Every structure is written in structure tokens, then in C-alpha cells.
1. Of all residues being hydrophobic (A, V, I, L, M, F, W, C), assigned to a loop (DSSP other than H, G, I, E, B) and at the interface with chain A (Cβ under 7 Å from one of its Cβ atoms) in the stretch B:125-151, which is surrounded by the most Cβ atoms within 10 Å (Cβ to Cβ)? Just the residue, please.
2. Look through the stretch A:4-30, keep the residues that are surrounded by fewer than 19 Cβ atoms within 10 Å (Cβ to Cβ) and more than 9 Å from chain B (Cβ to nearest Cβ), and return whichever of them is nearest to residue A:51 (Cα to Cα).
3. Among the residues in the stretch B:178-186, are any more than 25 Å from residue A:24 (Cβ to Cβ), in contact with a helix residue (DSSP H, G or I) (Cβ under 7 Å, 6 or more places away or on another chain) and hydroxyl-bearing (Ser, Thr, Tyr)?
4. So residue B:268 ticks every box in (1) modelled with pLDDT of 95 or more; (2) part of a strand (DSSP E or B) but one. Which box is left unticked?
5. Looking at the structure I just gave you, is residue A:129 out of contact with any strand residue (DSSP E or B) (no Cβ under 7 Å at 6 or more places or on another chain), in contact (Cβ under 8 Å) with a residue 24 or more places away in the chain and charged (D, E, K, R)?
6. Among the strands (runs of 3 or more DSSP E) lying completely within the stretch B:161-261, list those that include at least 3 residues that are within 26 Å of residue A:134 (Cα to Cα).
7. Which of the residues that make up the stretch A:82-98 are free of Cβ contacts under 8 Å to residues at least 12 places away in the same chain and among the β-branched types (Val, Ile, Thr)?
8. Somewhere in the stretch B:223-231, is a residue touching a strand residue (DSSP E or B) at 6+ places or on another chain (Cβ under 8 Å), free of Cβ contacts under 8 Å to residues at least 24 places away in the same chain, surrounded by 15 or more Cβ atoms within 10 Å (Cβ to Cβ) and assigned by TED's automatic domain parsing to the domain that holds residue B:150?
Number of protein chains: 2
Amino acid sequence: MILINGENQSQLAISDRGFQYGDGLFETIEVLNSHLIFFEQHLQRLALGCEKLLIPFPDKQLLIHEATALSQNIKRGVLKIIITRGSGGRGYRFPDVIQPTRIVSLHPFPEYSPDFQQHGIVARICQQRLGLNPTFAGLKTLNRLEQVLARAEWNNPEIQEGILLDLNGCVIEGTMSNLFFVKNNTLYTPLLTQTGIAGIMRDFVLQTASAEGIQIEQGCFSLEQLCAADEIFLTNSIIGIWPVKDLPGFKNLAGFNAHVGEITKTLQSKLAQYKQQVYQHDN
Amino acid sequence: MILINGENQSQLAISDRGFQYGDGLFETIEVLNSHLIFFEQHLQRLALGCEKLLIPFPDKQLLIHEATALSQNIKRGVLKIIITRGSGGRGYRFPDVIQPTRIVSLHPFPEYSPDFQQHGIVARICQQRLGLNPTFAGLKTLNRLEQVLARAEWNNPEIQEGILLDLNGCVIEGTMSNLFFVKNNTLYTPLLTQTGIAGIMRDFVLQTASAEGIQIEQGCFSLEQLCAADEIFLTNSIIGIWPVKDLPGFKNLAGFNAHVGEITKTLQSKLAQYKQQVYQHDN
């Protein structure tokens, strides 16, 4: 089911600037028992992105109405929202009056093994580097060629995610997830001021860790620092929190084959509690 | 007139990865008296881009056939070719069998004053910086948000183009054009290994200058070096060669109000000759 500006359609004019230039943004939201998880946070990030790209934010109530309608009676799914600058303008120059395109679509929830959360995943280090671009750092824009090429580096179904460094050699994130690691009870995550996407789940983890009194450091961290970690995990709105048990050739977190690190477990448990309290009380 | 995979259509599935991720490339080609100017060069760049992005290049004869058909009896126009990775895959991961989308469309030639070529244009220096991304440097991908935001910096119709620096402070190019300058009879143009689009007209200028025995230097040049130039000009496949007569607040090439620099004039004249010989002999 796809709503394009409120109409049930699946096609869009190729003149749309989302298609011509990647001139837009998107959000990917978990649907659980008809609820949209962290919906307000996703809408806030979308609004921030629109502000930075100078795209007028669509009518929020309309967006909420459409997203909620598509999520009704859905036990588990993924809702995607795309906002583009619409059609018009001359070349890169956009028109004086922008009429954004609003696309809301529902998709099946990906079939991830429960084992990924419980015992961790295997991740690899990608060859592809993330370029530096402070203007768009943090935003989930439609310009995603780096992620596409990084994800093309492997076909092995045993490997669930690839981790990218930026041009400066800082570890940044996974192709579709944010990166955290723990060393001596401090939680580390890359600063996303030069590149990367600031995930909603990343925010949840940072806030939760802070509330738990866990020390947090954001900065530029090397692959060596990552490999010296006691715990490593990846996050996004759909996968939640995936411990990394192995980075073949770089780091085998041997203990993770048997158990997941303490801080990782605490954060997973807080996430489960949060979803339980907020979204499942009426089910 | 728009041909999508050979069919006369104007809409595309929103599942197309060109729309979802900017997962594709494009070319913009001048049509003159039914001829496609520098067509072979555009096709070569497109093929190179497809190779780098791992998109199978569409049937070349088909592409030539469609582009030629759309250009028939067109006195002057712009032909745009877009190639995307098509639909399918799972998230950023593309499918094992890629079926590219091929879009060929014809557009009116922009109404540029002949004065721009004859006496030069006014350009500005943009605030927006170009990010660094060697993977895509040189390529005309569908990830063009930087150009969109740069072009949004001004509305003054007296200003025809904006010049961008990269994050390192090197001058790189215009929002829609490549940048050249002349100092003491040497022709300078930014090296496009970290960012920028390597234009077909840029190649023509470099080859022509070389054949004329003009010394050429490619490298990282500062705004100060640009402002110390004897001549500045911008190129693309549609505008040809536009002298820059004024960079308000930075450089007024006073002489250019009366005349265009010698090397600029030589190159403009060679371009005109080339188009006359190759494309107009049968008209």
C-alpha cells in the first residue's frame, strides 16, 4: 500500500526532484501492533531535515493521519515516509513555490533471526569510505549511493552488516545502522558532524545510557579502538540493538558467542521495556 | 517527450532505486539541427559511471536509436538520459539480476542571452561547500543535493552561476559548470579526484588547449589564485564556454566588460568551428 500525496498510487512523475537529484528525505519506522514506534522522533528528524534542505514540511496532521491509517491492524511492519521537493524549477534551481511530494508506504517487516539480538551478528569492515559532507551529516537524505555501494561488497548471508570508516579513517556507522562500542564501561559512538545518519535508535540508546549513569563519549574513533572494545553493537529503528559477535579478520568477541556484553544487555532490556510500556499496554 | 525503457511514459514506479537512493546517473546533451553534440563522449562517460556504480550499461544501440529518434527535426534542444539501477533488492542491497531503467527525454533549450558568451557573465562564490567523496568524483550521479542547495543561495537574475569550493578550500566548479582560469598564458582547472563532475565540455577544452600548445595545470587552486586570474570561464555541454566578467566582492575582470580574454576567445572559436564542421555540414 502506497499513498502518494494521499492517493493510492505506485507511480510518480519522473520530473519529481526526488528522482532527478535525490532532492528529499526519508524515514523508516517500525510498526508494532498498529503503533508507530518512536513516531514523534521520526517526524521531528524529518522536520529538521526539511528545514535544512529548505523543503516546506508537509501538514503534520495529514502525515500522522496517513501513517496511522496504513498501520491499522498491522501486527508488525515497516512504514516508510519519503518527502521530496516535488517537481518544477529549472535544473538544480528549485521553484519559488515548492509543493513537496509526500509518500507513505507500508512494507513487510524483514525476517531477521531472533538469534541476531540474542547472540549477536557477524559484521565486516567495508572498503567503501564515507565521504565528508557536514551539510548533510546526520540527515537521512535520498542521496544514498555510498550505502548502496558498501552493501554491494558482500553476498555472504552469514554477514549481516558492514561497518564504514570515513575518509579520515574514523569508524562511523554500518550501511544501515549506527555503531556503538563499550570499553572499560564507557559507551563510545562516532560523532556524526562530518558524515553519517543520526538514527532515532541511536538517540534512544544515548538517552537511555545517560539516564543509567553510563559514561558516554562521542568522537572520532579508529578501527584499532573499535577492535579493542569489550562490547560492540549496532542499532537502527527496525533491528533495534544487534550485538556484534565477530568482525572476521579484525576482532572476535569470543565471549559474545556465549553471552552478550552487560551494557549491551542493559540497553536491549531498556528498549524492550520501553516498547512494552508505551506501545503494548493496550494489546 | 519521454521514453522510459522505450515506452512513451512520464511516470515511474516509486520503487525505482533512482528515486529511493539516487541510485543512478544522468547526461545532458545539446541537440543542434537534429544532431546530438558530443554524443559518443556522453555515452562513454555514462558507461564509465555505470561501470563504477556496478550498473549494467543498457544496450548501446537501443540508447542511440531512442536518443536519435527524439532529436529528429529538433533545431535546438536538450536531451537528457537517465540510467538507474531499476527496482528490486532489499534496502540498500541491490538484486542479483539488475534491470536498469533507461529514460530518454527531450527538453527545450534554455534561453540564455547570447551576451553571456560574447561579453561574459556575473558569477558568485557560494557558501555551500562541496563534500569530499573520491568514489563518485567526476561522475554525474543522481545524488545532487549539494548543487541544489548551492543554487538556492541566490535569486538575483543578474547572477548566472555560483562557484563552489570544496571542504579543503580548493575552488572546484560551478553549480552546473566546470571552472577554468588563465594566468600568464597557462590554463588552470581544478583536479576532480575528490569531488566535482568531469564535464564533456571540460574534456573538449582540455584537449583543444593541449592541441593549441597552451600550457595546462590541474590541481587544487585557492580562491585567491582564482581571483588573481587574467581570464576566468565556465563550461558545460549546454552553455558551451561562458567567460566570467565579474565575481562581485572578489574580482572584477574589468577588461572583460569590453572584451573576452584571448585564450577564452580562442577556445570559444575552436568550439564553434568544431560544431560547425562536425554537426552542421549537412544543414
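1. It comes out as B:142.
2. Out of the qualifying residues, it is A:5.
3. Checked against the condition, which is being more than 25 Å from residue A:24 (Cβ to Cβ), in contact with a helix residue (DSSP H, G or I) (Cβ under 7 Å, 6 or more places away or on another chain) and hydroxyl-bearing (Ser, Thr, Tyr), the stretch B:178-186 yields no hits at all.
4. Of everything listed in (1) modelled with pLDDT of 95 or more; (2) part of a strand (DSSP E or B), residue B:268 misses just condition (2).
5. When the stated conditions are applied, residue A:129 does not pass them.
6. In the stretch B:161-261, the matching strands (runs of 3 or more DSSP E) lie at B:171-174.
7. Listed by number, the list holds a single entry, A:97.
8. no
The values are calculated or read from the model by the stated rules, or taken from the named source; none is laboratory data. Only a predicted model underlies this, so the values are computations on that prediction, with no experimental measurement involved. Don't worry about glycine lacking a Cβ; one is built from the backbone with ideal geometry, like all the others, and counts go over all protein chains shown.
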